[in-house]
1. Mind checking the dipole of the range 112-167: about its Cα centre, +1 per Lys or Arg Cβ, -1 per Asp or Glu Cβ, Debye to the nearest 20?
2. Filter the GluC sites (Glu not before Pro) in the range 210-285 to those in DSSP coil with at most 13 other Cβ atoms within 10 Å of their Cβ, and list the result.
3. According to a simple spin-label model (label point 7 Å from Cα along Cα-to-Cβ), what is the distance in nm between E62 and N295?
4. Calculate the FRET efficiency for S250 and E281 from the Cβ-Cβ distance with a Förster distance of 22 Å, rounded to the nearest 0.05.
5. Where is the GNM fluctuation largest for the chain (alpha-carbon springs, 10 angstrom cutoff): M82, M299, M132?
6. What is the count of Lys pairs in the chain whose alpha carbons sit under 28 Å apart, if the two are 8 or more places apart or on different chains?
7. So, with +1 on the Cβ of K and R and -1 on the Cβ of D and E, and no other charges, what is the size of the charge dipole of the range 86-140 about its Cα centre, to the nearest 20 debye?
8. I need the calculated FRET efficiency for the pair N235 and S16, taking r as the beta carbon distance and R₀ as 51 Å, to the nearest 0.05.
Amino acid sequence: MQSKQYFRIMLGRAHSFADECFEGNFIGADFGINQDLTDELPENWREFNAKFIPIYIENHPEKSKVAAGLACGAIHTISKAMNTGDIILGPTGQGTYRIGEVTGGYSYVDGANLQHQRNVAWLNQFINRDEMSESLRNSSGSIGTVSNLTRYANEIESLIEGNVLTTLSSTDDSVEDPTYFALEKHLEDFLIENWSRTRLGEKYQIYSEEGEIVGQQYPSDTGPIDILAISNDGNEILVVELKKGRASDSVVGQIQRYMGYVQDVLAEEHQTVSGVIIAAEDDQRIRRALSVTQNISFMKYSVKFELNDG
């Protein structure tokens, strides 16, 4: 039996079509792919992107492959990857998420604001953003049309039932230390907010589109990339992965998979791909693994607290 999935779906830019979706019992996407995709939805997301990224770029020549990958990935997820019975969190624009359940397959509605649609039964149930754990709040608030929240299934179900979870935990089996997992989620947000003041910010910029950051938790076919950045000269794409309390071998393997995805799908012909792993403590196992690996470096962060007289 297929497991239930959980997604946050943006209902138009700045929730502009939220009321339309709620009233019409659907979710959808557009992105200028103006054709019926009924016979164009392979199981594999990468196959879909390989065909439609060039079409997207032809229609939007000012956009990068990174923006194209985000758009095509969102269309495929909504149109194909979601299953009947999956749960949708639809932002209302008022600090809450309305809960819905996918009830039907893909349909193309020519001329609609969001023409690639799925039927959704919207329930009269809402989750208050303030009641979410910080990790879920950050993931559900990430930039992009689609955010897969399945790893927070237990917390979401608890919130739907009206219970607020307070236990610090991680649903990632590779996490060895939940304390570092939580701390390094704060680090991710700190890096995003203070990027220009860091050593990485001297050479790289986080990917943005139309003034909005799209390089945080960038979706790939092996999971979300913590931070995706590009060098100031545009010739190098950087994959940033935070250790988040996970086993060293898991982190090294993960960043290699992310870099492979970026190289195969997002990088232009003139661009190289590199990576950096950031952790709270020096890690000899990571350093040994990276000693025989090209284009991945290791950085250690430190946190300083200062107390002053009132």
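1. Working: 4 positive and 6 negative charges, 57 e Å.
In debye, rounded to 20, the range 112-167 gives about 280.
2. The qualifying sites are E210, E268, E269, E281.
3. Distance between the two pseudo-spin positions: 3.0 nm.
4. On the way: r = 16 Å, r/R0 = 0.72.
My answer for the efficiency is 0.85.
5. M299
6. Close lysine pairs found across the chain: 26.
7. It works out to roughly 60 debye.
8. Computed FRET efficiency for N235 and S16: 0.90.
Values quoted throughout were computed directly from the atomic coordinates according to the rules given, and no laboratory measurement underlies them. Because the structure is predicted, anything quoted here is derived from the model rather than measured. Because the Cβ atoms are built from the backbone with ideal geometry, glycine has one as well, and the counts that use them run over all protein chains shown.
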